[in-house]
1. If each of Asp97 and Lys146 carries a label point 7 Å out from its Cα toward its Cβ, how far apart are those two points in nm?
2. In whole Å, how far is the Cα centre of the range 123-191 from that of the range 85-118?
3. Just list whichever of Lys130/Lys259; Lys108/Lys266; Lys160/Lys241; Lys130/Lys216; Lys146/Lys266; Lys224/Lys245 have alpha carbons separated by over 25 Å in the model shown.
4. Find out how many positive minus negative residues lie around Thr221, taking Lys and Arg as positive, Asp and Glu as negative, among other residues whose Cβ is under 13 Å from that of Thr221.
5. For a quick check of your reading of the filter: which GluC sites (Glu not before Pro) in the range 153-224 sit in a DSSP loop and have no more than 12 other Cβ atoms within 10 Å?
6. Based on the Cα gyration tensor of the range 190-277, what are the three equivalent ellipsoid semi-axes, each the root of five times an eigenvalue, rounded to whole Å and given largest first?
Amino acid sequence: MANASVAPFTPLLASVVSTAASSRSPSSPPESISVVATPSKPLDNNHRHSVHKYCFLARRRDLLAGVSLSAILWKEPLSSLAREVEVGAYLPPSPADPSFVVFEATSKDTPALRAGNVQPYKFMLPPTWKQTRVANILSGNYCQPKCAEPWVEVKFEDEKQGKVQIVASPLVRLTNKPNATIEDIGSPEKLIASLGPFVTGNTFDPDELLEASVDKLGDQTYYKYELETPFALTGSHNLAKATAKGNTVILFVASANDKQWPVSQKILRAMLDSFQI
């Protein structure tokens, strides 16, 4: 998926600049400025040649350093960026409901999809929503193709209606059985006990689970949840839908706060129902 812009200052660039700055004393002049004492007698040709060569090498070194920093700047992972425009401007209408558009993930969208760790997924969302940035540390970009902990695939939100995100968890974190189905992992209650903190953004209490159900779509089984989470970072109302395929469990999470929930719960439930892998 196309991306809007590159972050103006990356953590990696910050560390490089910090290291360079710490290597100089506060009173030392910039390295690109040559400080030469006035000689007591005129310089001969050899000395002049040495001084000119030193200045040339210093300027060349500084130029190369600038090029290197620019390369670092432009290497910000594409997965950590997002379009700052409404999704209706670039996503197709949903055949099931033209008032929604469809996001269908491909290998261009996330590191895990490129690595083959996640199967393509899709879901509907209102055309006024926007895709938001996933921090690199949360995107799984640093650990693919073998991540030990869950990561965030994509995020979308609308200030008035709420937000959704796709969370992926390595199957080995939940079961030792290769290519396990979601039923192999356990009951809906057992799964949410393990993945609940990735729905809420902090902690999960079993008393926060209002409802759990099982859906079948072809040969794929999905666990669905409704949670009331007053202390959650994601929002006081959360809907979730999970399934397993390959070596990953995929979790769709729709969240809203108390102000958003009365007007958006119908929309969020439609988005939840539309999620499939």
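1. 4.2 nm
2. Computed from Cα coordinates, the inter-centre distance equals 15 Å.
3. Working: Lys130/Lys259 19 Å; Lys108/Lys266 31 Å; Lys160/Lys241 22 Å; Lys130/Lys216 30 Å; Lys146/Lys266 37 Å; Lys224/Lys245 16 Å.
Flagged as over cut-off: Lys108/Lys266; Lys130/Lys216; Lys146/Lys266.
4. Numbers: positive: Lys216, Lys224, Lys241, Lys245; negative: Glu183, Asp184, Asp215, Asp219.
With Lys, Arg at +1 and Asp, Glu at -1, the neighbours total 0.
5. Values: sites: Glu153, Glu157, Glu159, Glu183, Glu189, Glu208, Glu211; in loops: Glu159.
Qualifying residues, ordered by number: Glu159.
6. Details: eigenvalues 89, 49, 21 Å².
Semi-axis lengths for the range 190-277 are 21, 16, 10 Å.
Values in this text are rule-based calculations from the coordinates and carry no lab data. Quick caveat, the model's predicted, so the values are computed rather than measured. Note that each Cβ is placed from the backbone with ideal geometry, even for glycine, and that neighbours are counted across all protein chains shown.
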